[in-house]
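As structure tokens, the structure follows; a few thoughts come after it.
The values are calculated or read from the model by the stated rules, or taken from the named source; none is laboratory data. For clarity, every value in this text was computed on a predicted model and none was experimentally measured. As a convention, Cβ positions derive from the backbone with ideal geometry for all residues, glycine included, and neighbour counts pool all protein chains shown. Areas reflect the complete protein model, heavy atoms only, side chains present, ligands, DNA and RNA absent. Shrake-Rupley method; radii C 1.70, N 1.55, O 1.52, S 1.80 Å.
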Amino acid sequence: MELDGATRHPPKRRVPAAAPRMADPHPLFDDTSAAGGGGGTHPGRGYGAAPPSSSSSSSSSPYSPPASFLAEPVSSLAVAYGTSLASQGRDIVDRNLDRFIPVGKLKYYFAVDTVYVGRKLGLLVFPFVHQDWQVRYQQDAPVAPRFDVNAPDLYIPVMAFITYILVAGLALGTQNRFSPDSLGLQASSALAWLIVEVLAVLFSLYLVTVNTDLTTIDLLAFAGYKYVGMIIGLISGLLFGPTGYYVVLSWCCLSIFVFMIRTLRLKLLSEAAAEGVLVRGAKNQLRMYLTMAIAAAQPLFMYWLTYHLLR
């Protein structure tokens, strides 16, 4: 029985443990095999293995991370450089814009109030009773329009131009002729004629060599005052028919003619106005003719831009 048991269960033989393999001090390749369940102490990055933590990667990587480029000295320098570029660009834009559009001067032409607007509208419609047309000055500069009714402004011309376009659309709508294209054509046509008029006056002043303080903005202001009479004429035509249109427009044309004569003669005949007498001479006659031509052109434009709206 004991023999059978010994035969059935032979004694276990103890196998000696394998000697540990010495690590290669200079491995040719890193271990990139997949990490198993009970792999070594340094598992590789195989397919599906989790990426190493940021702390370990940053400490073991010989290269600095991209965020180090935005360190405090570098970012401060970048912000200072960007601010300097922005300020330089703003200065360049301001200089070039002021060269073509004098923003500082435009503020003067919009320095108006309600009292000035009411008095100026009355002067445009009834200029016959006004006596003093001289623009007042303070320290060699003209006073703001709200302090002098004779000073030119751009508020009334701009508002009158916009109102004229709206009244023109209303007039076309009452005759079933309104369309967005026709309204845009009316606005562009009025603006084109205004620019042509101002350019023609500037060219005439250059040919006559008039020594005047009139600027391009002054001419825009004076040329834009005729839209007030055009609005009144159109509204009268809508309310009272063709008779009311022609009667009221004729009055407004006469008013703007007188207004332009009495205003521009002090600008174009500055030498004669300073002396208080009318200076004789061919050059002065040319200035008088130019003043008359500018004033006479206003009624023509008023009729040209309104008659077709009430057909």
For segment 138-279 the mean separation of alpha carbon contacts under 8 Å (6+ apart) over residue count, i.e. relative contact order in percent, is 26 percent
Given 136-142, 166-172, 240-246, the highest-first ranking by average Cβ count within 10 Å works out to 166-172, 240-246, 136-142
Per the C-alpha gyration tensor (a ≥ b ≥ c, the square roots of its eigenvalues), segment 141-215 is rounded if a/c is under 1.5, else prolate if a/b beats b/c, else oblate; here it's oblate
In segment 143-261 the accessible area split gives carbon plus sulfur, as whole percent at 1.4 Å, a share of 75 percent
The ³J(HN,Hα) series, computed from each phi in segment 153-165 with the Karplus coefficients 6.51, -1.76 and 1.60 at θ = phi - 60°, rounded to the nearest Hz and given as x for glycine or proline, is 9, 10, 5, 5, x, 5, 5, 5, 5, 5, 5, 4, 5
Reported to the nearest 10 Å², ILE195 has, with a 1.4 Å probe, an accessible area equal to 90 Å²
